[in-house]
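Notes to accompany the following structure.
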């Protein structure tokens, strides 16, 4: 368990946390400033690949862990200690704010989020209430504890984008084709837009609370946006992600936007308001930089499966990605999706060392 003391160096409640991460590698790269080497962190760096995480989580359900500040703090800090990454990302889940807003959702091991009552009508949308900051006071506490512990290491907050949250609610859980989701948005656009308006408020509130508590940057995950055509993304998803990012504009914190399979949507994701566009492993970073425009930093994009291939392969791929990332004004090294559970943690540590040496 962490050695942190909950009353040590905490900002006063209701005030914006101040920490010395302004000149960190992460924030400098996110602003497009020169860095001697890319900062590096990993999506899902705090989680199932770490034996210390598995030991700590024994007997505790995912959502319970996400709402327990002591556990959130320790789990978030574990990869920072082990790997020496340049940023921490809050241990949470994209459905946490939905549950906090009163929706009945359970994260089922081996399946993912399962929604007790799927949202498929105007009446279903009406029962989703706005998220109030008092609903997530535990998240605020977790962030304040972490900022006090991390010092110069920035904390990244995160939330799910409205489209991805909607896809879980409409489908009732994970889906391969999102057929019900697409049918609803085309057949009943008024219901669709009302749903995503509410989800945009929930995500914006969730991120605002994290930033006001001291997170240095945020990432908006649109995990399933890659299943949309560019035309459908522009019409049905883009305006609602724009609403989330617009709500954060005055904070001055870097806003990262990431989706899976979104190679054809990268510039639209930038148009949503992203300061940094995350790129999955399918699109080389130099190609992505050309699509997005030379003024926008990129994040990515080692294929997580490569971490299982042995060090010679990993080293070659890391060097290639760092070289391609130099085509953008700023590059944050990351994976093209989350760390796989079977990944050897030592490989992640070696990747950090290598990136720092480049």
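If you take the residues of region 316-329 that are in contact with a helix residue (DSSP H, G or I) (Cβ under 6 Å, 6 or more places away or on another chain) and not in a helix (DSSP H, G or I), which of them is farthest from residue 88 (Cα to Cα)? In this case the residue turns out to be 327. Determine if region 330-338 includes at least one residue that is in contact with a helix residue (DSSP H, G or I) (Cβ under 7 Å, 6 or more places away or on another chain), over 24 Å from residue 49 (Cβ atoms) and in a helix (DSSP H, G or I). Within region 330-338, none of the residues are in contact with a helix residue (DSSP H, G or I) (Cβ under 7 Å, 6 or more places away or on another chain), over 24 Å from residue 49 (Cβ atoms) and in a helix (DSSP H, G or I). Among the conditions (1) touching a residue at least 60 places away in the same chain (Cβ under 8 Å); (2) part of a strand (DSSP E or B), residue 237 misses just one, which is (2). Scanning region 22-69 for residues that are at positive phi and without any contact (Cβ under 8 Å) to a residue 24 or more places away in the chain returns a single hit, 59.
Every residue in region 128-151 that is assigned to a loop (DSSP other than H, G, I, E, B), at pLDDT 95 or above and farther than 17 Å from residue 113 by Cβ, please.
Kept after step one, since they are assigned to a loop (DSSP other than H, G, I, E, B), are these residues of region 128-151: 128-132, 151.
Going one step further and asking which of them are at pLDDT 95 or above, we end up with 128-132.
Correct list: 129, 130, 132.
Within region 63-74, is even one residue outside any loop (DSSP other than H, G, I, E, B), within 22 Å of residue 345 (Cβ to Cβ) and within 16 Å of the chain's Cα centre (by Cα)?
Applying the first criterion (outside any loop (DSSP other than H, G, I, E, B)) to region 63-74 yields 63-66, 69-74.
When the remaining residues are screened for being within 22 Å of residue 345 (Cβ to Cβ), the result is 65-66, 71-74.
Now drop any that are not within 16 Å of the chain's Cα centre (by Cα), which leaves 66, 72.
Checked region 63-74: at least one residue is outside any loop (DSSP other than H, G, I, E, B), within 22 Å of residue 345 (Cβ to Cβ) and within 16 Å of the chain's Cα centre (by Cα).
Restricting the search to region 339-354, which residues are within 21 Å of the chain's Cα centre (by Cα) and part of a helix (DSSP H, G or I)? Selection gives 345, 348, 349, 351, 352.
Scanning region 73-104 for residues that are free of Cβ contacts under 8 Å to residues at least 40 places away in the same chain and over 20 Å from residue 136 (Cβ atoms) yields 78, 81. Of all the criteria given as (1) assigned to a helix (DSSP H, G or I); (2) in contact with a helix residue (DSSP H, G or I) (Cβ under 9 Å, 6 or more places away or on another chain); (3) touching a residue at least 12 places away in the same chain (Cβ under 8 Å), the one not satisfied by residue 313 is (3). Checking the stated criteria, residue 125 turns out to be in contact with a helix residue (DSSP H, G or I) (Cβ under 6 Å, 6 or more places away or on another chain) and either surrounded by fewer than 16 Cβ atoms within 10 Å (Cβ to Cβ) or outside any loop (DSSP other than H, G, I, E, B) (or both).
Find the residue count for region 258-279, including only residues that are in contact (Cβ under 8 Å) with a residue 60 or more places away in the chain and either touching a strand residue (DSSP E or B) at 6+ places or on another chain (Cβ under 8 Å) or surrounded by 24 or more Cβ atoms within 10 Å (Cβ to Cβ) (or both). Can you show your working first?
Let us first name the residues in region 258-279 that are in contact (Cβ under 8 Å) with a residue 60 or more places away in the chain, namely 258-260, 275-276.
If we keep only those that are either touching a strand residue (DSSP E or B) at 6+ places or on another chain (Cβ under 8 Å) or surrounded by 24 or more Cβ atoms within 10 Å (Cβ to Cβ) (or both) as well, we get 258-259, 275-276.
Of the residues in that region, 4 qualify.
Matching residues to (1) buried (at least 19 other Cβ atoms within 10 Å of the Cβ); (2) at pLDDT 95 or above; (3) over 27 Å from residue 332 (Cβ atoms):
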site	(1), (2), (3)
63	no, yes, yes
66	yes, yes, no
73	yes, yes, no
81	no, yes, no
84	no, yes, no
88	yes, yes, no
91	yes, yes, no
108	no, no, yes
114	no, yes, yes
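Residue 200 - would you say it is surrounded by 21 or more Cβ atoms within 10 Å (Cβ to Cβ) and either on the phi < 0 side of the Ramachandran plot or not in a helix (DSSP H, G or I) (or both)?
Details: surrounded by 21 or more Cβ atoms within 10 Å (Cβ to Cβ): yes; either on the phi < 0 side of the Ramachandran plot or not in a helix (DSSP H, G or I) (or both): yes.
Judged against the criteria, residue 200 is a match.
Here residue 157 fulfils each of the conditions (1) assigned to a helix (DSSP H, G or I); (2) in contact with a strand residue (DSSP E or B) (Cβ under 7 Å, 6 or more places away or on another chain); (3) within 22 Å of residue 246 (Cβ to Cβ) apart from (1).
The values are calculated or read from the model by the stated rules, or taken from the named source; none is laboratory data. Note that the structure is a prediction, hence the values are computed from the model and not measured. Here the Cβ is made from the backbone with ideal geometry for all residues, glycine too, and neighbour counts use every protein chain on show.
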